[in-house]
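As structure tokens, the structure follows; a few thoughts come after it.
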Amino acid sequence: MSKVAIITGGGSGLGQATAVRLAQEGINIVVVDVSEKGGNETVVMVKEIGVDSIFVKADVSKPEDVKNYVDQTVSHFGTIDYFFNNAGISGSGKFFLDTTLEEINQIVGINLLGALYGVRYVAEVMLKNGGGSIVNTASSAGVIGQDSVVTYSATKHGIVGLTKSMVAEYAKDGLRVNAIAPGPTETPMVKTFYEANPEMKKNATGGIPQKRLGTPEEVAELVTFLLTSKAEYINGEVIRIDGGFTNTK
Ligand SMILES: NC(=O)c1ccc[n+]([C@@H]2O[C@H](COP(=O)([O-])OP(=O)(O)OC[C@H]3O[C@@H](n4cnc5c(N)ncnc54)[C@H](O)[C@@H]3O)[C@@H](O)[C@H]2O)c1
């Protein structure tokens, strides 16, 4: 039987590239996104590869939307084998004392609460069915401190704690939970930003030992490895994929 993966933030960037890569492994894909346009685009892309796929619109910061994408998955595919818990936003990039409480609540709501709700409902189904594998998207900002991203960094450090502590509770029941910590990666969002600010791209790449940004395809390859059975004995890890960036800080 084909395996089934849910991908949040599946309508763009890392989520879309991972949907395509998992589909190449014959895995059916549930695309979850707040953007209908992006979500439907990914469904078309993965169906062309030959797997079954549905789009479920959801704002991951709303628990009822999260429960709904889990229910829709179970009703369409019967189970959940893999979960790429990835939807997130970066915030305005202002210093902390210049950010509003609204912005803090929004980033925490999507990046941290959204990820917690996802694991809460998805793991329930996985454990009922004998286990499964989860990859949470952290960030370089989840393993080091940086300016201009205090709230974002707090949520991504939270993702690391979520990952490690889930393993302490449920690895014995067949659950694997890992996290990825990408450095700056050329997703459409980042590309557009740097095209408008070429000087900032120069500064960013200058601080990376490999002197280039990552690609969504490189991240998708890592996520596919971690999710699938090839990584059966890897659990509770936070894998950095950043061209050496955080190791030189
Ligand atoms: N691109 C990078 O440089 C980079 C680096 C480290 C970590 N990350 C993390 O990777 C993840 C994906 O980012 P990306 O670069 O692919 O960005 P992206 O903007 O290309 O994709 C994010 C997707 O998430 C969706 N989304 C946003 N808010 C949502 C919500 N409330 N509910 C459901 N979907 C929502 C967006 O519609 C979009 O399709 C994020 O968690 C981000 O923090 C990205």
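Please treat every number below as a calculation from the coordinates, not as lab data. Here the structure is a predicted model, which means the values were calculated and not measured. Every residue, glycine as well, gets a Cβ built from its backbone with ideal geometry; the counts of neighbours run over all protein chains shown.
The chymotrypsin sites (Phe, Trp or Tyr not before Pro) of region 173-249 that DSSP puts in a loop, and whose beta carbon has at most 14 other beta carbons within 10 Å, are TYR233.
Just add up the charged neighbours of ASN178: K/R +1, D/E -1, any other residue whose Cβ is under 13 Å from the Cβ of ASN178.
Working: positive: LYS164, ARG176, LYS230, ARG240; negative: GLU232, GLU237.
Around ASN178, the surrounding residues sum to +2.
With the helix formula -39500 (n - 2.57) applied to DSSP H stretches of n ≥ 4, the chain reaches a computed 222 nm mean residue ellipticity of -14500 deg cm²/dmol.
Computed FRET efficiency, Cβ-Cβ of GLN24 and HIS76, R0 22 Å: what is it to the nearest 0.05? Each step should come with its number before you reach the end.
Working: r = 21 Å, r/R0 = 0.95.
Efficiency computed from Cβ-Cβ geometry: 0.60.
Model label sites at SER92 and LYS67, defined 7 Å from Cα along the beta-carbon direction, differ in position by 3.4 nm. Annotation: amide H-H contacts under 5 Å for ARG176 (H modelled 1.01 Å from N, sequence separation of 5 or more, or interchain): GLY132, SER133, ILE134.
Please report the net charge: other residues with Cβ closer than 14 Å to the Cβ of GLU195, K and R +1, D and E -1.
Details: positive: LYS191, LYS201, LYS202; negative: GLU186, GLU199.
Once positives and negatives cancel, what remains is +1.
For the chain, the membrane-span-like helix rule (DSSP H, alpha carbon extent of at least 27 Å along the helix axis, mean Kyte-Doolittle at least 0.0) picks out 150-170; this says nothing about an actual membrane. Annotation: extensible slack from MET1 through GLU48 equals 15.0 nm (criterion: 0.36 nm per residue apart, minus Cα-Cα distance). Think of region 136-249 as having a plus end and a minus end, set by charges on the Cβ of Lys, Arg, Asp and Glu; of THR163, THR205, THR185, THR205 sits farthest toward the positive end of this dipole.
The number of Lys pairs in region 132-234 with C-alpha atoms less than 25 Å apart, excluding pairs fewer than 8 positions apart on the same chain, is 13. Neighbours of PRO216, meaning other residues whose beta-carbon lies under 12 angstrom from its beta-carbon, give a summed charge of -2 when Lys and Arg score +1 and Asp and Glu score -1.
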